[in-house]
1. Could you list all residues from region 214-235 that are open to solvent by less than 30 Å² (accessible area, probe 1.4 Å), closer than 26 Å to TYR91 by Cβ and part of a helix (DSSP H, G or I)?
2. Is it the case that region 394-402 has a residue that's open to solvent by 60 Å² or more (accessible area, probe 1.4 Å) and of a type outside the set (Gly, Ala, Ser)?
3. So MET275 fits all but one of (1) modelled with pLDDT under 85; (2) in contact with a helix residue (DSSP H, G or I) (Cβ under 7 Å, 6 or more places away or on another chain); what number is the exception?
4. Between LEU192, LEU202, which is among the aliphatic types (A, V, I, L, M), farther than 28 Å from PHE74 by Cβ and part of a loop (DSSP other than H, G, I, E, B)?
5. Counting only residues that are open to solvent by 60 Å² or more (accessible area, probe 1.4 Å) and modelled with pLDDT under 90, how many does region 346-387 have?
6. Can you name the residue in region 422-447 that is closer than 13 Å to ALA354 by Cα and assigned to a helix (DSSP H, G or I) and, of all such residues, is least open to solvent (accessible area, probe 1.4 Å)?
7. Could you give every pair whose Cβ atoms fall below 6 Å, whose first residue belongs to region 170-188 and is without any contact (Cβ under 8 Å) to a residue 60 or more places away in the chain, and whose second residue is part of a strand (DSSP E or B) and open to solvent by 40 Å² or more (accessible area, probe 1.4 Å), counting only separations of at least 6 or pairs across chains?
8. For residues that are among the hydrophobic types (A, V, I, L, M, F, W, C) and over 24 Å from TYR91 (Cβ atoms), scanning just region 28-74, find the one that is surrounded by the fewest Cβ atoms within 10 Å (Cβ to Cβ).
Amino acid sequence: MEDFQKVVDGIGAMACIVSVEDLGGGRSGKYRIVTGNRAYVDSIEKPAPGAEMLTDKFTPNAEYTNYLTRDLNFEDFCYKAAVQRKCLHSYAHPDRLPLWFNMTFLPIQPDNGNLKHCIYIMEINFKASAERMSNISGDMASAVLQTTLKLRGTSDFKETIKDVVKDIRDLCDAEHCCILTMNDYERSCAVLGEAFGNGTSLRSMNDYLDDKFYAIAESWEATIGGSNCLIIKNEQDMEVVNERNPIWRESLRLAGANSIVLFPLRSRDHLLGYMWAINFNAENSVKIKETLELTTFILGSELGNYLLLDRLKILSSKDMLTGVMNRNEMNNYVDSLCDPADKSPDTSVGVIFADLNGLKTVNDEQGHNAGDALLKDAANVLRQVFDDSQIFRAGGDEFSIIVAGVSQAELEDRIQKIRDVSKKTGNVVFALGGAVEQSKKNVRVALRRADENMYEDKKRYYETHPEKKAR
């Protein structure tokens, strides 16, 4: 202990000695902080704001989990330095702390039976250092640069992501690689891209996505345990997953996953989803970790920009209350049908106006929340007859449906289906009017005629229901 103390006291940066219990066969036991220099002890007992540990008392030779949540990445680097005699460096941002750690792990003698030792030296940054992040080997830098150039130079983000995922799978020498996005508002997940190795029996992630999967993905943050990623190389590591998340551990087993690299994708500290590689080459875990730390940092930023633009597009095209297309999108579609520069084959076009009867009465008597609920029910009725892309909320209580390539008989059949579905709801009643033009370029004529026919239907409705207050 005295010799170890002299070693760390001779280091200017924060430094400590870590002992690793080597159980043989690649397995390890306890990881302990044997001793530390004054700068390291002060980082525990007199931490900077935001850098507090689990305790503010340093105890020599205590397990490192006295001070922070168990971190498999920290253990892996200590094991490789102490047992395998490797010199390692990492620059990482653990999610549990608002800090960036510049870390060095060096093997040290002597051994004490099955106890191996390494020096852990660290520097803390409160902001990311571009110089530190870029201090990686040439082949790692090449992989990261390739990803950056592909994402920055693309006009088709989704197609480019497929190439990026394939590159990541190749880097990890994995059976399967996937990028999954998470929608907090809808509590849903979507596969943005995935790639498979030759001969794999692993199934596509799309086979597993259902209404319950979001809860599984939501649990991964706690499973990572405050680190910046989760790297499971073997069965011993899997035991940690089993302790923290037994349901996910069982799903991994059933899926045929024996090892996994899991990285959260963040933009401006907001979780957007995850990237992972299954059944990867564990011998390259250090290279994989350091390359993907920087790759996912860049990928998260680009994904955040893409999702923001996608969200803005949705906001500009969809009615947020009912989820159908809005009037702005209807106008754009009408303009495209009438565009004289359009060289696509001409076709007929049908228009239906569906005006919701009785909305004013519901708003006046039951309040706007009840009126909003009625509008949502009305939109859901139309969804049972038409695709979302064909339905537009043209005004407060008015919906329009535009369908290309439809005959008069087909349009009338669709109008009758709207009436039939509406009757089953018990609260949705539409005034309906339709019209068909043989050329899509006459869609504005069809809109005018359908609107006139709808008002005739509404007039008949109020003549037979005088208790309903027409606008």
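The values are calculated or read from the model by the stated rules, or taken from the named source; none is laboratory data. This structure is a prediction, so every number in the text was calculated from the model and none was measured. For neighbour counting, all protein chains shown are included, and Cβ atoms are generated from backbone atoms with ideal geometry for every residue, glycine included. Side chains are part of the model used for accessible areas, which takes the heavy atoms of the whole protein and leaves out ligands, DNA and RNA. Shrake-Rupley method; radii C 1.70, N 1.55, O 1.52, S 1.80 Å.
1. If the condition is that a residue be open to solvent by less than 30 Å² (accessible area, probe 1.4 Å), closer than 26 Å to TYR91 by Cβ and part of a helix (DSSP H, G or I), then TRP220, THR223, ILE224 are the ones that fit.
2. Checking region 394-402: not a single residue is open to solvent by 60 Å² or more (accessible area, probe 1.4 Å) and of a type outside the set (Gly, Ala, Ser).
3. (1)
4. LEU202
5. Residues in region 346-387 being open to solvent by 60 Å² or more (accessible area, probe 1.4 Å) and modelled with pLDDT under 90: 6 in total.
6. Pass one, region 422-447, residues closer than 13 Å to ALA354 by Cα: 422, 428-435, 447.
Then keep just the ones that are assigned to a helix (DSSP H, G or I); that gives 422, 447.
Values: SER422: 10, LEU447: 27 Å².
The extreme case among them is SER422.
7. Taking only residues 6 or more apart or on different chains, not a single pair turns up.
8. Per the stated criteria, the residue is ALA62.
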